[in-house]
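Asks: My questions will all concern the structure given below.
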Amino acid sequence: MYISNETRTRTAQRPNIVKLTQPLDLERHPFEDYLSSPLTRKFLLWATRLSNGRTRLERIFTSYRNPEAPWSDKIKFFPLHKVIDFFVAKTKVSPERAVEKVFHHMPTVRTLVNTARSVGTFGLVAPQRFIAPLLVVWNITNRCNLSCKHCYQDAVRRRGPEELNRKEKIDVVDQLADNLVPMIALAGGEPLIDPDLWSVLERAQQRGIYVSLATNGTMLTKQICERLKKLGVKYMEISLDSLDAGVHDDFRQMPGAWELSVQGIKNVQAYGMRAGIATCFTRDTVDQAPRMIGFAKSLKVSTFVHFNFIPVGRGADMAHEDLTPEQRERLLHLLYETLEEGGLGVMSTAPQFGRACMAFGDLDGMMAMGHGGSGKGRQARVVSKYIGGCGAHRCYCSIQPNGKVNPCVYMPTRTIGDLRKTPFAEIWNQPLEAILSDREDRGDHCGVCDYRSFCGGCRARAESYTGDVQAGDPGCIYNSHMWNEIERREKEHLSVLNEGTALKIGVGGHTESSSSSPQ
């Protein structure tokens with residue numbers, strides 16, 4: 001994998017790996033052939049160029065069945081509107097619903113335009129590279145009212161002097177909107193503690209960006225929920241670590257936190273917003289997973305989210321509590337069964353969840369699609385092949401409270417740009433984006449795995465445990481040899497297997513001349 005025309009990287013030398021998976025028997029969907037056509041790529045680039053301040057594709061969609069659209073757009077795009085009619089009829093969705101949920105829904109329109117321009121620019125590649133992220137997780141403040149033991153952000157009680165001010169935060173929203181970013185997930189710290197949150201939400205609503213909040217739930221009063229609802233927030237993700245209030249409160253370092261969070265979930269639902277429960281399991285709590293999922297069902301939340309433990313921030317001090325690959329595999333099996341059962345959405349930040357859906361299910365079963373949620377059947381598997389798995393600096397990135405940009409929220413020490421100094425478009429389009437989008441150049445079993453288009457291994461876990469962003473993911477059952485090596489070296493602390501690679505070089509792997517071939 002190249003960094004520039006003169007430099008090539010390779011993963012640190014690791015043992016030769018015996019491939020444990022079998023080639024996948026997947027039929028190619030006709031739409032893949034259509035999108036791979038050079039003629040289609042030319043059309044997509046034409047359709048996503050700016051015209052009168054907006055892309056042509058935006059104008060095509062927003063003028064579709066829109067009585068208030070300019071007559072010039074209705075006439076100009078009439079043939080394309082008839083094409084849309086044809087495809088809508090095939091989906092068996094009413095035109096009215098298609099208009100409401102897709103063609104006049106700005107976050108969806110922005111997603112389609114982003115994807116169209118990405119395919120036009122890079123071609124249809126698995127996994128798909130994107131010209132801008134589909135999702136940005138923005139830690140809007142580092143301030144928090146709790147002191148959670150596993151906090152990846154190492155949040156504090158007081159606002160830091162380096163945090164972006166209100167004007168700068170509004171500018172961030174505008175930059176993301178201008179770069180076709182359809183979704184922002186606001187996190188922290190605790191986002192509800194930031195007085196600038198309301199200005200950010202208002203601007204995002206004006207710019208048609210879908211916003212969700214990840215919160216500890218302790219501040220979700222009825223008054224707060226009413227205000228969030230008015231500003232267009234539709235989904236709130238509340239962290240809950242255990243069914244045992246004492247365990248949760250100890251983990252969160254606040255007596256009474258569990259009861260406040262559960263009440264917060266109920267308040268969110270009372271105001272018509274969707275609520276999700278997010279849990280980070282440790283090896284001491286993973287046995288509670290079935291009961292935790294049952295509790296989520298009893299509260300009638302929309303989604304259960306499994307946060308894959310990453311040893312960064314304060315979490316580095318409890319790496320010995322990380323799940324073993326065998327425990328994670330059993331948990332993924334349970335998550336798949338829950339997803340297949342229906343009635344509760346299931347997501348996981350472990351990229352192996354997509355692979356688990358394929359391994360444990362059948363072609364017509366439910367399929368995880370990474371940040372895109374989940375779907376049913378063969379078409380969902382096709383979508384997952386292109387957007388699923390690890391999305392770090394491929395279809396997703398994170399922004400820190402001070403405006404620094406990271407490939408992933410779990411890579412807080414790897415800065416790829418500073419919004420105070422560089423426009424977002426320049427930060428996104430750099431060599432590391434190509435490296436993290438290339439799943440052929442990986443260490444250990446991640447480099448030979450037949451599921452790599454659907455997974456790719458967690459790059460944050462690889463870097464945290466090995467120092468090499470291109471190494472195998474030691475959390476996967478197929479990389480058990482890595483986990484065994486970690487436990488042999490030191491049982492109670494974070495261990496680095498490949499010392500002196502990415503953390504020193506700043507890109508990943510050893511740097512060598514372009515004449516060398518990747519390991």
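Asks: Using DSSP to call loops (not H, G, I, E or B), can you name the GluC sites (Glu not before Pro) in the stretch 57-110 whose Cβ has at most 11 other Cβ atoms within 10 angstrom?
Replies: On the way: sites: GLU58, GLU68, GLU96, GLU100; in loops: GLU68.
Here the GluC sites (Glu not before Pro) that fit, given the DSSP loop and packing criteria, are GLU68.
Asks: Looking at the chain, what % of its DSSP beta bridges pair antiparallel, to the nearest 5?
Replies: Values: 14 of 46 bridges.
Of all bridge pairs located within the chain, approximately 30 percent are antiparallel.
Asks: Same structure, new question: Report the full-extension gain for the segment ARG274 to LYS92: residue separation times 0.36 nm, less the Cα-Cα distance, to one decimal in nm. Let's see the in-between values first.
Replies: Working: separation 182, 0.36 × 182 = 65.52 nm, distance 2.60 nm.
Here the segment from ARG274 to LYS92 would lengthen by 62.9 nm.
Asks: Could you point to the residue in TYR235, THR285, CYS446 farthest towards the positive end of the chain's charge dipole, with +1 and -1 charges on the Cβ of Lys/Arg and Asp/Glu respectively?
Replies: Result: TYR235, furthest along the dipole toward the positive end.
Asks: Computed FRET efficiency, Cβ-Cβ of TRP71 and VAL247, R0 45 Å: what is it to the nearest 0.05? Walk me through the numbers on the way to the answer.
Replies: Values: r = 64 Å, r/R0 = 1.41.
Here the calculated transfer efficiency is 0.10.
Asks: Also, quick follow-up: Residues with amide H under 5 Å of THR324's amide H, sequence separation 5 or more or different chain, H placed in the peptide plane at 1.01 Å from N; which?
Replies: Excluding prolines and chain starts, which carry no amide H, there are no hits.
Asks: Computed FRET efficiency, Cβ-Cβ of GLN263 and GLU337, R0 35 Å: what is it to the nearest 0.05? Working shown, then result.
Replies: Working: r = 29 Å, r/R0 = 0.84.
Computed FRET efficiency for GLN263 and GLU337: 0.75.
Asks: While we're on this one: Per DSSP H run of n ≥ 4, the term is -39500 (n - 2.57); total these for the chain, divide by its residue number, and report the mean residue ellipticity at 222 nm rounded to 500 deg cm²/dmol.
Replies: That calculation yields -11000 deg cm²/dmol at 222 nm.
Asks: Continuing with this model, one more query. Rounded to a whole number, what % of the accessible area of the stretch 295-441 do carbon and sulfur atoms account for, probe 1.4 Å?
Replies: Working: 2610 of 4920 Å².
With neighbouring chains kept in place, the figure for the stretch 295-441 is 53 percent.
Asks: What is the spin-label model distance, in nm, from LEU20 to ASP317 if the labels are put 7 Å beyond Cα along the C-beta direction?
Replies: Output for this residue pair reads 3.3 nm.
Asks: Heavy-atom accessible area of ILE416 with all protein chains present, probe 1.4 Å, nearest 10 Å²?
Replies: About 20 Å², ignoring ligands and nucleic acids.
Asks: Once amide H atoms are built 1.01 Å from N in the peptide plane, which residues 5 or more positions from TRP138, or in another chain, come under 5 Å H to H?
Replies: ALA185, LEU186, ALA187, ILE399
Asks: How much accessible surface area, in Å² rounded to 10, belongs to the heavy atoms of SER453 with a 1.4 Å probe?
Replies: The accessible area comes out at roughly 30 Å².
Asks: Could you work out the relative contact order of the stretch 83-135? I mean the mean sequence separation of Cα pairs under 8 Å and 6+ apart, divided by the number of residues, in percent.
Replies: Values: 28 pairs, mean separation 10.8, N = 53.
Once divided by the residue count of the stretch 83-135, the mean separation gives 20 percent.
Asks: When only Cα pairs under 8 Å and 6 or more residues apart are kept, what is the percent relative contact order across the stretch 276-346?
Replies: Numbers: 74 pairs, mean separation 28.1, N = 71.
About 40 percent, as a whole number.
Asks: Moving on. Hey, what did the stretch 160-253 get for relative contact order, percent, Cα under 8 Å, at least 6 apart?
Replies: Working: 90 pairs, mean separation 24.4, N = 94.
Here the relative contact order equals 26 percent.
Asks: Okay, moving on. Return the distance in nm (one decimal) between the two label points of a simple spin-label model at GLU226 and GLU202, each offset 7 Å from Cα along Cα→Cβ.
Replies: Each label point lies 7 Å from its Cα, and together they span 1.8 nm.
Asks: Just tell me which aspartates and glutamates come within less than 17 Å, Cα to Cα, of LYS234; anything on the same chain fewer than 8 places away is out.
Replies: The reachable aspartates and glutamates, counting only those whose Cα sits under 17 Å from LYS234, are GLU100, GLU202, GLU226.
Asks: While we're here: If LYS404, LYS421, LYS266 are ordered by their accessible area, calculated over protein heavy atoms with a 1.4 Å probe, which sequence runs from highest to lowest?
Replies: Details: LYS404 70, LYS421 165, LYS266 95 Å².
The ordering from most to least exposed comes out as LYS421, LYS266, LYS404.
Asks: Averaged across orientations, what area in nm² does the convex hull of the alpha carbons in the stretch 64-111 project? Display every interim value, and only then the final one.
Replies: Details: hull surface 13.9 nm².
So the mean shadow area of the Cα hull is 3.5 nm².
Asks: From the Cα gyration tensor of the stretch 218-337, with a ≥ b ≥ c the square roots of its eigenvalues, which class applies: rounded if a/c is under 1.5, or else prolate if a/b is larger than b/c, or else oblate? The partial results should precede the final answer.
Replies: Numbers: a/c = 2.05, a/b = 1.60, b/c = 1.28.
Here the stretch 218-337 falls in the prolate category.
Asks: Please quote Rg/Rh for the stretch 330-458 to two decimal places, taking the Kirkwood radius as Rh and restricting both calculations to Cα atoms.
Replies: Details: Rg = 16.0 Å, Rh = 15.6 Å.
Answer for the stretch 330-458: 1.03.
Asks: Once every Cα of the stretch 195-263 carries one equal point scatterer and solvent is ignored, give the base-10 log of I(q)/I(0) from the Debye formula at q = 0.11, 0.13, 0.14 Å⁻¹, two decimals.
Replies: Results for the stretch 195-263 at q = 0.11, 0.13, 0.14 Å⁻¹ read -0.32, -0.43, -0.49.
Asks: Over the stretch 277-357, what lengths in whole Å, largest first, do the semi-axes of the equivalent ellipsoid take, defined as the square roots of 5 times the eigenvalues of the alpha-carbon gyration tensor?
Replies: Details: eigenvalues 93, 38, 25 Å².
After diagonalising the Cα gyration tensor, the semi-axes are 22, 14, 11 Å.
Asks: For the stretch 427-474, how big is Rg over Rh, using alpha carbon atoms and the Kirkwood form of Rh?
Replies: Details: Rg = 10.4 Å, Rh = 10.8 Å.
That ratio is 0.97, to two decimals.
Asks: SER374's amide H: which non-local residues (gap 5+, or another chain) put their own amide H closer than 5 Å, with H modeled 1.01 Å from N in plane and none for Pro or chain starts?
Replies: Here MET369 satisfy the definition.
Asks: Modelled label-to-label distance, GLU32 and LEU50, 7 Å Cα→beta-carbon offset: nm?
Replies: 3.6 nm
Asks: Given a 1.4 angstrom probe, what's the average accessible area per residue across the chain, in square angstrom? Spell out each step's value before the answer.
Replies: Numbers: 22340 Å² over 519 residues.
Per residue, the chain has an accessible area of 43 Å².
Asks: Calculate one ³J(HN,Hα) per residue across the stretch 248-255 by plugging θ = phi - 60° into the Karplus curve 6.51 cos²θ - 1.76 cosθ + 1.60, and present them in order as whole Hz with x for glycine and proline.
Replies: 4, 5, 5, 4, 8, 6, 8, x
Asks: Can you put TRP258, TRP46 in order of accessible area, largest first, using a 1.4 Å probe?
Replies: On the way: TRP258 45, TRP46 85 Å².
Descending accessible area places them as TRP46, TRP258.
Asks: Taking the Cα atoms of the chain alone, what are Rg (to one decimal) and Dmax (as a whole number) in Å?
Replies: Both quantities, over Cα of the chain: 22.6, 71 Å.
Asks: Quick one: check the C-alpha center-to-center distance for the stretch 407-448 versus the stretch 246-277, whole angstrom.
Replies: Measuring centre to centre over Cα atoms gives 34 Å.
The values are calculated or read from the model by the stated rules, or taken from the named source; none is laboratory data. All values derive from a computational prediction rather than experimental measurement. As a convention, Cβ positions derive from the backbone with ideal geometry for all residues, glycine included, and neighbour counts pool all protein chains shown. Areas reflect the complete protein model, heavy atoms only, side chains present, ligands, DNA and RNA absent. Shrake-Rupley method; radii C 1.70, N 1.55, O 1.52, S 1.80 Å.
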